[in-house]
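Take a look at the structure set out below.
Computed from the coordinates by the stated procedures, all read-outs in this text should not be read as laboratory data. Just so you know, these numbers come straight off a predicted model, no measurement behind them. All Cβ positions, even for glycine, are placed from backbone atoms using ideal geometry, and neighbour counts span all protein chains on display.
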Amino acid sequence: MLMDLQGGITWSYVSEHGTDDEVLDWLKSEENAVSGEIILDIIERLEKNAGLWLKVVDLLRLRGCYCREAWALSVKHGSEEHLIQWLFSEKARDLSYLKAGDRERDDFVEGNQDIYSYWPLINARAHEIGQKSRANNREFIETYSKFLLYLLVKPVARHTCRDHISLICYLLLQDRFSEALVRFNHLKEEIASNRVQLDMEIQMDYLAAWFDFIDQSALVGSASLQTARSVGIKYKDYPVKHWNELFASILARVNEFDEFYSEATSNDGTSTGPQATKV
């Protein structure tokens, strides 16, 4: 029997020759340093003995120790509790969203996942190749792909207003205006039917104004851009500088269009307004 310097039985001996009770007693002893690495010495025994496995992992948890290989055996031994612990310890690193049992991890909600701000909305991040808009910014592609994976693994019923708006903005950044507008109208329907909670009102209003500028029907006649106009006025004195500047820009563009319309009608003597153009 191998003894350590203090006269106790060594782990090398216990893990190879000790009984199950001796293994548990050694792991329980506060005099012995326990780590996930030493558990690998008995991993084959734990794989074959579900009762011993359960006692060992619960003992490790009490001692604040974790061994990924031991917890992974929860699949073989059919322990949902320990499987959930293993999932959140291991797979949560790879996925931005994970839900198992009563536990849920959402990096975009909890702030563990960065959301990048790209400005302006229309620039060289997207360009036409054939009939499709393609992103040509590697950083943007990686960020967008990661966000799509997040939406893929997250149940549709749990998609938040923030999720929807983020997707809409990503589409706009690729000049995919028609798809973005479809998603925006879908989001409005989801909110109206109480399937999605409206907790980002100012972002929704800004998008409504933004889409007003690319809506052909909204750019004709003296009553043009009513949505953009009303939203700009609503937030004219908004106290947050970032948003104040965005809505001031909206009002400036509305005023620019009004001046253009007024000049056009004065020159041709009609009141039909200018030809509809994309802003």
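Side notes on the structure shown:
- Sequence ranges 166-176, 141-151, 246-256, ranked by mean other-Cβ count within 10 angstrom, highest first: 166-176, 246-256, 141-151
- For GLU81 and ASP41, the FRET efficiency from 1/(1 + (r/R0)^6), where r spans their Cβ atoms and R0 equals 22 Å, is about 0.35.
- Here the label points at THR160 and GLU22, each 7 Å from Cα along the C-beta direction, are separated by 5.4 nm in the simple model.
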